[in-house]
1. Considering only residues that are among the polar types (S, T, N, Q) and within 19 Å of residue 27 (Cβ to Cβ), which ones fall in segment 44-86?
2. Given (1) open to solvent by 90 Å² or more (accessible area, probe 1.4 Å); (2) among the acidic types (Asp, Glu); (3) closer than 22 Å to residue 90 by Cα, where does residue 15 come up short, assuming only one miss?
3. What do you reckon, is residue 9 open to solvent by less than 70 Å² (accessible area, probe 1.4 Å), of a type in the set (D, E, K, R) and more than 15 Å from the chain's Cα centre (by Cα)?
4. Condition test on residue 42, is it part of a helix (DSSP H, G or I) and over 14 Å from the mean Cα position of the chain (by Cα)?
5. Scan 85, 44 and give me the residue that is among the β-branched types (Val, Ile, Thr), at pLDDT 95 or above, under 22 Å from residue 20 (Cα atoms) and in contact with an Asp or Glu (Cβ under 7 Å, 6 or more places away or on another chain).
6. Considering only residues that are part of a helix (DSSP H, G or I) and among the acidic types (Asp, Glu), look in segment 18-38 and name the one that is least open to solvent (accessible area, probe 1.4 Å).
7. Quick one: in segment 88-107, which of the residues that are part of a helix (DSSP H, G or I) and open to solvent by 100 Å² or more (accessible area, probe 1.4 Å) is modelled with the highest pLDDT?
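The values are calculated or read from the model by the stated rules, or taken from the named source; none is laboratory data. What you are looking at is a predicted structure, and each value in this text was computed from that prediction instead of being measured. Glycine gets a Cβ as well: all are built from the backbone with ideal geometry, and neighbour counts include every protein chain shown. The accessibility values were calculated without ligands, DNA or RNA, using every heavy atom of the protein model including side chains. Shrake-Rupley method; radii C 1.70, N 1.55, O 1.52, S 1.80 Å.
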Amino acid sequence: MKPYENLADLITTLESEITSLTEQISTLKEQPQSFNEQVVFKYIDTGSTGKTKDFVRSLGVKSERGSLFSSGDVSKLIKDGAEDISPELLAIARMVSNMKNKNGKYR
């Protein structure tokens, strides 16, 4: 939470956080609209590029290179994004990635 100077400032900050969390929850309740969104949802669910890679491999999908999907492919998808991934979903995935990178395994 950011610093505040008075009660009104704190209330405004908290209301803003509530709005942001409500939007994130709404995004997470949506169904994936593409394969890439399905991959990102799986990453958000597991918090693991390795488990996400295993999920994609279980579907028999190969990477753009034509080889088996790797953890690096998951990381690249989250870092670079794709046209068929909603910006809101991508922001949540990046937040999960940052939480994990800062705190190690967070689950």
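1. So in segment 44-86, the residues among the polar types (S, T, N, Q) come out as 46, 48-49, 52, 58, 63, 67, 70-71, 75, 86.
Matches in segment 44-86: 46, 52, 86.
2. Unmet for residue 15, out of (1) open to solvent by 90 Å² or more (accessible area, probe 1.4 Å); (2) among the acidic types (Asp, Glu); (3) closer than 22 Å to residue 90 by Cα: (3).
3. Values: open to solvent by less than 70 Å² (accessible area, probe 1.4 Å): yes; of a type in the set (D, E, K, R): yes; more than 15 Å from the chain's Cα centre (by Cα): yes.
Criteria met by residue 9.
4. Values: part of a helix (DSSP H, G or I): yes; over 14 Å from the mean Cα position of the chain (by Cα): no.
No: the conditions fail for residue 42.
5. 85
6. That would be 37.
7. 88
Residue-wise test of (1) among the acidic types (Asp, Glu); (2) under 20 Å from residue 96 (Cβ atoms).
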| residue | (1), (2) |
| --- | --- |
| 5 | yes, no |
| 8 | no, no |
| 25 | no, yes |
| 29 | no, yes |
| 33 | no, yes |
| 43 | no, yes |
| 63 | no, no |
